[in-house]
1. Of everything in the range 347-369 that's more than 20 Å from the chain's Cα centre (by Cα) and within 12 Å of ligand 1 (Cβ to nearest atom), which residue is surrounded by the fewest Cβ atoms within 10 Å (Cβ to Cβ)?
2. Regarding ILE51, is this residue in the same structural domain as ALA125 (by TED's automatic domain parsing), touching a residue at least 24 places away in the same chain (Cβ under 8 Å) and touching a Cys at 6+ places or on another chain (Cβ under 6 Å)?
3. For the range 75-99, how many residues are surrounded by fewer than 18 Cβ atoms within 10 Å (Cβ to Cβ), of a type in the set (D, E, K, R) and over 30 Å from GLY38 (Cβ atoms)?
4. Is it the case, given these coordinates, that LYS270 is within 16 Å of ligand 1 (Cβ to nearest atom), outside any helix (DSSP H, G or I) and open to solvent by 70 Å² or more (accessible area, probe 1.4 Å)?
5. Taking the stated definitions as given, is SER341 within 15 Å of ligand 1 (Cβ to nearest atom), within 30 Å of ILE176 (Cβ to Cβ) and open to solvent by 30 Å² or more (accessible area, probe 1.4 Å)?
6. Here are the criteria: (1) more than 27 Å from ASP260 (Cα to Cα); (2) without any contact (Cβ under 8 Å) to a residue 40 or more places away in the chain. Tell me which single one GLN395 does not satisfy.
7. Across the range 373-388, what is the number of residues that are open to solvent by less than 10 Å² (accessible area, probe 1.4 Å) and either within 16 Å of ligand 2 (Cβ to nearest atom) or of a type in the set (D, E, K, R) (or both)?
8. List pairs: first in the range 64-91 and not assigned by TED's automatic domain parsing to the domain that holds ALA120, second among the aromatic types (Phe, Trp, Tyr), Cβ under 8 Å, 6+ apart or cross-chain?
Amino acid sequence: MKEKLNILFIASECAPYAKTGGLSDVISSLPIALNKLGHNVKIVIPKYSFIDTKKFKIKKTLSIMGVKMGNVEEWCSVYSTVHHKNVTIYFVEYENYFNREGLYHDSEMNDYSDNPKRFAFLSNAAFQLCKDIDFQPDVIHAHDWQSALSMIYLKEWYGNDPFFKNTIGALTIHNIGYQGKYPYENYKYLGFSDQLFNHNILEDYGDINFLKGGIYYADIVNTVSPKYAEETKTEDFSYGLHTFLIDKKDRYFGILNGVDYEQWNPNIDKLIPYNYNENDLIGKSKCKLFLQKKLYLEKDKDIPVIGIVSRFASQKGLNVLASVIEHVVLDMKVQFAILGSGDKNLENYFRSLSPKYNGKIGMYIGYDNKLAHQIEAGADFFIMPSLYEPCGLNQIYSLKYGTLPIVRATGGLDDTIDQYDEKTGDGTGFKFNYLTPQAIYDTIGWAVSTFYDRKKHLQKMVKRTMRKNYSWNKSAKEYVDSYKMVINKN
Ligand code: ADP
Ligand code: GLC
């Protein structure tokens, strides 16, 4: 049995080079954790034109690489840099597909119409890359629909190739709400035989479904929390794929995401104005005053601040929060610090609140990693009223920053937050079950009243949450065990 595995991660984003959400944080940090366990991990993502090659010392590695798609051969090149000590990241450069300012859509949020081709190409190019750099993988690890087709290429195209004869396929679903469904007219480009276009594999009501095909072919499939693994086996959460996940039996399971405490730790975080830890929280109060000033909120450490850092997508439940936020600020002595972007209606609505509730609602509409850290540090509470949440990283960051999460009890939010007990003071946050305006209003009210009326509980909770440890160590071991479960059986 081979102890040290060669693992290739294929993904559409990786922090800090290209990021829209938590997927990129995981692609950035899990390989490092696997490497610390002794495995040899490489990452491949597209070389989008906005990636700062100078800053990240990205150099050309392969001047020319041929990738066969359907009946055509595409010619690309490959760049690379050291991601972390022994982990190299590769960037596939193909101007026609990746010379764009966005990852998946233009600035008006219109999806690029050639997305199926772009990401099928990435999924296939990864195999040629392995050969050209002479990296024989034991595991090809795909993430979400964007690289799901690599599971099919592995078995259908490279199944008889001696280079990949011992390679297994692992697929992680970070979000089943995005499956990569595209019109049949793209099928020829993928290069698969007609037999695969059937209801059990790639066909979905006449369209191609990338994630569905990947699930079928992957040796193991997991999602990013145990609770979401269970939820996605039901019709309510699976967006149509529950029966296919149930069919995987013990080859489908949940592994909770870890986080990178080198990036997200108030004691060493360089993006926040004052560092602090559980034994010395003075820095946190200063961070709060800094945040209030920065977002034009009334500077007062005795008013609780609720933070939001989020993609504005229907998944996040912010439309429901929006329907009640004005009542909250009118009825309660509380402030909001909001950072996010996405849905244009929500952007406009939130933007209209700042002047209306001057000093009570502050925000930045856009993407700003520094401000994300400053909100985690400066807020007292952090709200995530998600419709569903595969794992959620922000609430885990919040714990480390002593910023108490207010969350809907779904997916990873439920797995990572313990309900506050008003009698004993136990718990790490405030949870509600039903995504209704009333439940949000009540739970915010509960958190705010704890801030004003049960200060001792609050202080203890803050310290308790900061001691929580969601580093990758345990979860990375679970990934290795699951790879080995399949490797041993083969
Ligand atoms: P999701 O991946 O569904 O968006 P997660 O909670 O897993 O949710 O991860 C979100 C990540 O994206 C976090 O690292 C968060 O800080 C970051 N993020 C989201 N929106 C913004 C934004 N507008 N500016 C900066 N960072 C953001
Ligand atoms: C997805 C999910 C989020 C999860 C992240 C990383 O974007 O929406 O819940 O934390 O992936 O796995």
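1. Filtering the range 347-369 down to residues more than 20 Å from the chain's Cα centre (by Cα) leaves 347-364.
Subset that is within 12 Å of ligand 1 (Cβ to nearest atom): 347, 350, 363-364.
Working: GLU347: 16, PHE350: 23, MET363: 20, TYR364: 18.
The extreme case among them is GLU347.
2. Values: in the same structural domain as ALA125 (by TED's automatic domain parsing): yes; touching a residue at least 24 places away in the same chain (Cβ under 8 Å): yes; touching a Cys at 6+ places or on another chain (Cβ under 6 Å): no.
When the stated conditions are applied, ILE51 does not pass them.
3. Selection size over the range 75-99: 1.
4. On the way: within 16 Å of ligand 1 (Cβ to nearest atom): yes; outside any helix (DSSP H, G or I): yes; open to solvent by 70 Å² or more (accessible area, probe 1.4 Å): yes.
Spelling it out, LYS270 is indeed within 16 Å of ligand 1 (Cβ to nearest atom), outside any helix (DSSP H, G or I) and open to solvent by 70 Å² or more (accessible area, probe 1.4 Å).
5. yes
6. Of everything listed in (1) more than 27 Å from ASP260 (Cα to Cα); (2) without any contact (Cβ under 8 Å) to a residue 40 or more places away in the chain, GLN395 misses just condition (1).
7. 5
8. Pairs found: none.
The values are calculated or read from the model by the stated rules, or taken from the named source; none is laboratory data. Predicted model, so just to flag it, every value in this text is computed and none were measured. Neighbour counts run over all protein chains shown; Cβ positions are idealised from the backbone, glycine included. Calculation scope for accessible area: heavy atoms of the full protein, side chains included, ligands and nucleic acids excluded. Shrake-Rupley method; radii C 1.70, N 1.55, O 1.52, S 1.80 Å.
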